[in-house]
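Encoded as structure tokens, the structure appears first; notes follow it.
The values are calculated or read from the model by the stated rules, or taken from the named source; none is laboratory data. Since the model is a prediction, treat every value here as computed from it, not as a measurement. As a convention, Cβ positions derive from the backbone with ideal geometry for all residues, glycine included, and neighbour counts pool all protein chains shown. Surface accessibility is based on the protein's heavy atoms, side chains included, excluding ligands, DNA and RNA. Shrake-Rupley method; radii C 1.70, N 1.55, O 1.52, S 1.80 Å.
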Amino acid sequence: MMNSYEISAEDTPQTDRIRASHARILVVDDQSSNVQVVGLILGTLGHEIIPASDGATALKRVAALVPDLILLDLLMPGMSGRDVCLELKKNPEWRDIPVIFLSAADDKDLIVSALDAGGVDYITKPFNQQELISRVRTQLALKAARDRLKELAEDKDELLGILAHDLKNHLGGLNMSTKLLYERIRNLHDDRIQRLAENAFYSSGQLLSFVKDFLANAAAEHRFEPQLTTVDAAGTASAAIRLFEDRVRHKQLEIQTDFPDEEIIALADAHALDQIFSNLLSNAVKFSPPGKKIYVAVRGDGRFVECAIRDEGPGFTDGDKAQMFRRYGRLSARPTAGETSTGLGLSIVRKLVLAMNGELNCESNHGQGATFTFRLPKAKY
């Protein structure tokens with residue numbers, strides 16, 4: 001039997017009652033006397049106490065009203081405290097609720113096993129009043145801090161998303177206008193004005209590229225869930241290549257393709273696949289010296305669609321390979337025509353490929369170019 005004792009409100013320090021923040025605490029114990037003791041100690045601090053006598057009841061209580069903290073008896077008949085904790089952690093809406101185990105057993109292996117199930121702390125019975133108050137207060141403070149940080153992060157992401165979205169719209173219009181202006185000015189044969197227009201067109205394009213990368217990375221970071229459908233991989237690659245025609249021509253590059261005569265249909269998110277091709281082509285164009293070739297291939301490989309982009313640029317060092325997929329990673333190679341590089345492109349590609357149940361590989365020797373190959377599941381007919 002669990003040991004318990006009674007306590008009066010007068011035994012609770014006045015300072016604790018004043019300083020305690022109000023929280024909803026679920027107390028789960030098959031011994032009602034223990035629930036009463038905990039309820040009396042914590043209730044005098046202003047906390048709302050929700051009792052439960054077994055694991056099944058505890059889960060029902062959580063489903064009805066999510067608590068801020070759970071005090072959970074480890075050894076209960078039927079569903080143990082460890083089992084209850086494992087069930088809580090399966091639910092995304094409950095997994096962040098801190099769980100403090102209550103145990104009369106001094107079995108360290110049992111306690112470690114309970115903590116491995118997701119508990120944040122444990123308290124031994126019979127309860128020491130000050131220890132109970134201190135540990136509860138600590139976990140509530142940590143939860144409040146986590147909730148505040150999560151709220152701040154969401155506010156920051158929302159603000160940055162709004163700013164970036166507005167910047168994207170304005171920069172897109174500016175880039176289009178400067179492109180038209182640049183094309184008109186070329187007919188005036190005034191080298192000075194032409195250079196100014198070219199610089200404006202180039203700079204707006206770089207800013208637009210950065211904002212697009214930022215938005216794509218933010219989308220990939222926030223648990224991107226692909227909308228899988230049937231997508232023509234070669235058709236998507238061809239559409240992406242057309243977007244780079246001006247840049248390829250400007251740098252005197254050549255893109256060679258190796259596409260099958262029949263359609264190769266991938267099971268993928270159409271927007272994500274387009275983003276992957278665009279990012280890999282953008283890198284290949286940026287880092288290719290003038291006069292070089294870029295090779296794009298799409299082929300069927302059993303149950304997969306395999307796509308490869310190969311360039312004749314500087315390739316990657318061993319140090320580059322260790323960090324090429326990190327956000328904002330700075331690699332040894334530099335764009336060959338002064339283009340900007342955010343360090344986000346490859347990070348975005350990796351996240352999108354993995355989210356679509358694919359594989360990504362890079363083969364490269366320093367000074368001998370690089371080949372990025374990704375494989376996605378082939379659609380079944």
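Sort 276-282, 258-264 for me by packing, meaning the mean count of neighbouring Cβ atoms within 10 Å per residue, highest on top.
Going from most to least packed, we get 276-282, 258-264.
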List, in the order given, every pair from LYS179/LYS321; LYS89/LYS351; LYS150/LYS286; LYS292/LYS321; LYS251/LYS380; LYS179/LYS286 whose Cα-Cα distance in the structure shown is over 30 Å.
LYS179/LYS321; LYS150/LYS286; LYS251/LYS380
Within the set of other residues whose C-beta is less than 13 Å from the C-beta of ARG146, count the net charge using Lys and Arg as +1 and Asp and Glu as -1.
-1
Carbon and sulfur atoms: what percent of the 1.4 Å accessible area of the range 225-336 do they account for?
45 percent
Between ARG192 and LYS380, what is the FRET efficiency for a Förster distance of 45 Å, r being their Cβ-Cβ separation, to the nearest 0.05?
0.15
Over the range 43-83, what percent of the accessible surface lies on carbon and sulfur atoms, probe 1.4 Å?
58 percent
Over the Cα atoms of the range 258-305, how large are the radius of gyration and the largest Cα-Cα distance (Dmax), in Å?
13.0, 37
Per residue, accessible area of the range 222-285 with a 1.4 Å probe, heavy atoms of protein chains only, in Å², comes to 54 Å²
